[in-house]
Amino acid sequence: MVTERVRMWRPSPEDRVLLMAGQTTSYAIEPRGDYVFGIVAGQAMRSRRGRERRLVQPGQLVAWDPSSTHAGTAVDGRPWSSRLIVVEAADLTALAGDHESDLLADIAFPEPVIRDARLAGDFLRRHAALEAPVTRLERDERLAAWLRGLIERSSAVRPPRTPLSPSDDRALRLARDYLADHLERNVGLDELAAAAGIGKFRLIRLFRLRTGLPPHALQLAHRIRAARRLLEAGRTIAETATATGFTDQSHLHRQFRRSLGLTPGEYRRRFGYVAGTGFEPV
């Protein structure tokens, strides 16, 4: 009996929203600035986040923020079905109308299992709509409306971040852009600080104040996202590893699996279903 049957796709190649649908018995994710929204169907799922344990029933909505790793396992080995939307933090804050939050989002979901039949029904309709051939503007509007309702209903706002001076803000923006523009490079801290125009110890402090991450963790997040895009476009694993700064395929394999719960090869194959292999979404 096949228990792992999951496909992944994007509404359009330039879209930063990642969609999933299918059936599985387990998953494990270490999020790197990504929010995961989904709904469970068919069977219940046991979820784990840190010391938190929950039983997610069919029809219940989940909203995982990037604050911690999370995982799910089947109840009595019975696979569950789900539909998922993965949204990067920058997109979530933009959709929420928070134009000042250009780093990691301030939105948190302390209770990730949401018992709201209306929101769950809306999610299923939005997910199905994201498969339909509509304009990007209409797609964004539909998703934004749903996310706004979810955030107003179920989110908490993290404590305000320490204000930065204009020069600090500019330095941090330059450092982030430098990392994003030089994925293939083995950038050192001195080089990054020089690009930002400030001292390296202050730069580390700014990263932690505003993103909660050290520079190398944000660099890895950029690399994983870029690797996902290349694999989706059909690039080989070896080409992807070289283009995104991983030392070799094994390094990419380890970090990719830790981040997404599946290997680069599995990720690439699941996107292959979109090309017409006969897979039917749940």
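Quick grid of which residues meet (1) more than 25 Å from Val17 (Cβ to Cβ); (2) in contact with a strand residue (DSSP E or B) (Cβ under 9 Å, 6 or more places away or on another chain); (3) of a type in the set (Val, Ile, Thr):
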residue	(1), (2), (3)
Ala195	yes, no, no
Ile198	yes, no, yes
Ile204	yes, no, yes
Ala226	no, no, no
Glu232	no, yes, no
Phe256	no, no, no
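Kindly establish whether Val75 is surrounded by fewer than 16 Cβ atoms within 10 Å (Cβ to Cβ) and within 22 Å of Arg115 (Cα to Cα). So Val75 passes the test.
What residue, of Leu84, Leu92, is among the hydrophobic types (A, V, I, L, M, F, W, C) and modelled with pLDDT under 90?
Exactly one residue qualifies, and that residue is Leu92.
Sort out which residues of the stretch 180-217 are among the hydrophobic types (A, V, I, L, M, F, W, C), in a helix (DSSP H, G or I) and touching a residue at least 24 places away in the same chain (Cβ under 8 Å), and write them in order of number. Of everything in the stretch 180-217, those that are among the hydrophobic types (A, V, I, L, M, F, W, C), in a helix (DSSP H, G or I) and touching a residue at least 24 places away in the same chain (Cβ under 8 Å) turn out to be Ala180, Leu189, Ala196, Leu203, Leu206, Phe207, Leu209, Ala217. Val36 falls short on exactly one of the conditions (1) touching a residue at least 60 places away in the same chain (Cβ under 8 Å); (2) surrounded by 15 or more Cβ atoms within 10 Å (Cβ to Cβ), and that condition is (1).
The values are calculated or read from the model by the stated rules, or taken from the named source; none is laboratory data. Here the structure is a predicted model, which is why all the values come from computation and not from measurement. Quick reminder, even Gly has a Cβ in these numbers, built from the backbone with ideal geometry, and neighbours come from all protein chains shown.
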